[in-house]
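Q: Questions regarding the structure given below will be posed in turn.
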Amino acid sequence: MASMWQEFSKGLWKEIPPFRVVLGLCPTLAVTKSAENGLGMGVAVIFVLVLSNVLISAVRGIIPKKVRIVCFIAISATLVVAVELLMQAFTYPLYQQLGIFVPLIVVNCIILGRAEAFAAKNPVHLALADGLGMGMGFTIALTLIGSIRELLGTGGIFGHNVMWNGFEPFGIMVEAPGAFLALGTVVALMNFYTAWAARRAGLEVPENASCQGGCSGCATGQR
């Protein structure tokens, strides 16, 4: 149980994408104009990532190594089709807003990275914990960036105005440059906190505070 918790919790801070392992930047930058978009994309990724991790871990012993990537993509593609159909049936306006980035979950580097680096090498229960943790971390990251951009760009969050009367929105935040500004700000704050916490604990400050060291992405060259 402790091991499952470790695999789950690493995705919430130590290896949180996209802030730590810098994976999944395309949807992070493209669909986070609002908190709703970020949350919707994150939930879709959780569905695909958790089930693909579990399925790949369950059949890892019978997948030939030479065609493992093809098999991983086939599994994730099947799950993405299921996500598309569910979103079209129950959240069609959100599906339209996310557009092409829903089917592109198939080749999301988080999905393939976790399949190759973890699910294909570990038992089902650990693959489940890893997928759920990484998926939730990704969802938190997208929702946070979407909230920052929506708040500063429109004055609201999840479509509800929360800023004071007379607030002048920063239009750039809901444009393409706003995604880079929000992402860079959050990463800088996390790096600052990491360095501060290391100094306070009397530890050596890592050269790259975005990478805590020892993550599975570094170990397998997924970055």
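Q: For a quick check of your reading of the model, give me the residue pairs whose first member lies in region 1-18 and is more than 14 Å from Gly113 (Cβ to Cβ), whose second is at pLDDT below 90 and surrounded by fewer than 19 Cβ atoms within 10 Å (Cβ to Cβ), with beta-carbon atoms closer than 9 Å and at least 6 apart or on different chains.
A: Trp13/Gln212; Lys14/Gln212; Lys14/Gly214; Lys14/Cys215
Q: Right, here's the next one. Here are Val43, Val54: which of them is aliphatic (A, V, I, L, M), over 30 Å from Thr154 (Cα atoms), in a helix (DSSP H, G or I) and touching a residue at least 60 places away in the same chain (Cβ under 8 Å)? Steps first, answer last, please.
A: Values: Val43 fails: over 30 Å from Thr154 (Cα atoms).
After applying the criteria, what remains is Val54.
Q: Quick one: in region 114-162, which of the residues that are of a type in the set (Gly, Ala, Ser) and in a loop (DSSP other than H, G, I, E, B) is nearest to the chain's Cα centre (by Cα)?
A: Step one: list which residues in region 114-162 are of a type in the set (Gly, Ala, Ser), which gives 115, 117, 119-120, 127, 129, 131, 133, 135, 137, 141, 146-147, 153, 155-156, 159.
If we keep only those that are in a loop (DSSP other than H, G, I, E, B) as well, we get 155, 159.
Values: Gly155: 25, Gly159: 22 Å.
Looking at residues that are of a type in the set (Gly, Ala, Ser) and in a loop (DSSP other than H, G, I, E, B), I get Gly159.
Q: Out of (1) in a helix (DSSP H, G or I); (2) touching a Phe, Trp or Tyr at 6+ places or on another chain (Cβ under 6 Å); (3) closer than 19 Å to Phe138 by Cα; (4) not aromatic (Phe, Trp, Tyr), the odd one out for Pro17 is which?
A: The single condition Pro17 does not satisfy is (1).
Q: Mind listing whichever residues of region 133-163 are under 22 Å from Leu98 (Cβ atoms) and surrounded by fewer than 16 Cβ atoms within 10 Å (Cβ to Cβ)?
A: Initial filter on region 133-163 (under 22 Å from Leu98 (Cβ atoms)): 134-154, 156-160.
If the condition is that a residue be under 22 Å from Leu98 (Cβ atoms) and surrounded by fewer than 16 Cβ atoms within 10 Å (Cβ to Cβ), then Phe158, Gly159, His160 are the ones that fit.
Q: Can I ask one more? Might you let me know whether region 99-114 holds any residue that is closer than 14 Å to Asn37 by Cβ, among the aliphatic types (A, V, I, L, M) and surrounded by fewer than 18 Cβ atoms within 10 Å (Cβ to Cβ)?
A: Yes, because at least one residue in region 99-114 is closer than 14 Å to Asn37 by Cβ, among the aliphatic types (A, V, I, L, M) and surrounded by fewer than 18 Cβ atoms within 10 Å (Cβ to Cβ).
Q: From Thr28, Thr91, grab the single residue that is of a type outside the set (Lys, Arg), touching a Pro at 6+ places or on another chain (Cβ under 9 Å) and modelled with pLDDT under 95.
A: Working: Thr91 fails: touching a Pro at 6+ places or on another chain (Cβ under 9 Å).
Unique residue meeting the criteria: Thr28.
Q: Considering region 164-204 alone, what residues qualify as being charged (D, E, K, R) and surrounded by 13 or more Cβ atoms within 10 Å (Cβ to Cβ)?
A: Of region 164-204, the ones charged (D, E, K, R) are 168, 175, 199-200, 204.
Of everything in region 164-204, just one residue is charged (D, E, K, R) and surrounded by 13 or more Cβ atoms within 10 Å (Cβ to Cβ), namely Glu175.
Q: Evaluate region 72-93: report whether one residue or more is under 21 Å from Ile157 (Cβ atoms), among the aliphatic types (A, V, I, L, M) and in a helix (DSSP H, G or I). Give the steps one after another, and end with the answer.
A: Here is the first cut: in region 72-93, the ones under 21 Å from Ile157 (Cβ atoms) are 91, 93.
The next check asks that each one be among the aliphatic types (A, V, I, L, M); those that pass are none.
For region 72-93, residues under 21 Å from Ile157 (Cβ atoms), among the aliphatic types (A, V, I, L, M) and in a helix (DSSP H, G or I): absent.
Q: Could you tell me which of the residues Ser52, Ser9, Ser3 is of a type outside the set (Val, Ile, Thr) and at pLDDT 95 or above? Working first, answer last.
A: Numbers: Ser9 fails: at pLDDT 95 or above; Ser3 fails: at pLDDT 95 or above.
One residue alone meets the criteria, Ser52.
The values are calculated or read from the model by the stated rules, or taken from the named source; none is laboratory data. No experiment lies behind these values; they were computed from the predicted model shown. Here the Cβ is made from the backbone with ideal geometry for all residues, glycine too, and neighbour counts use every protein chain on show.
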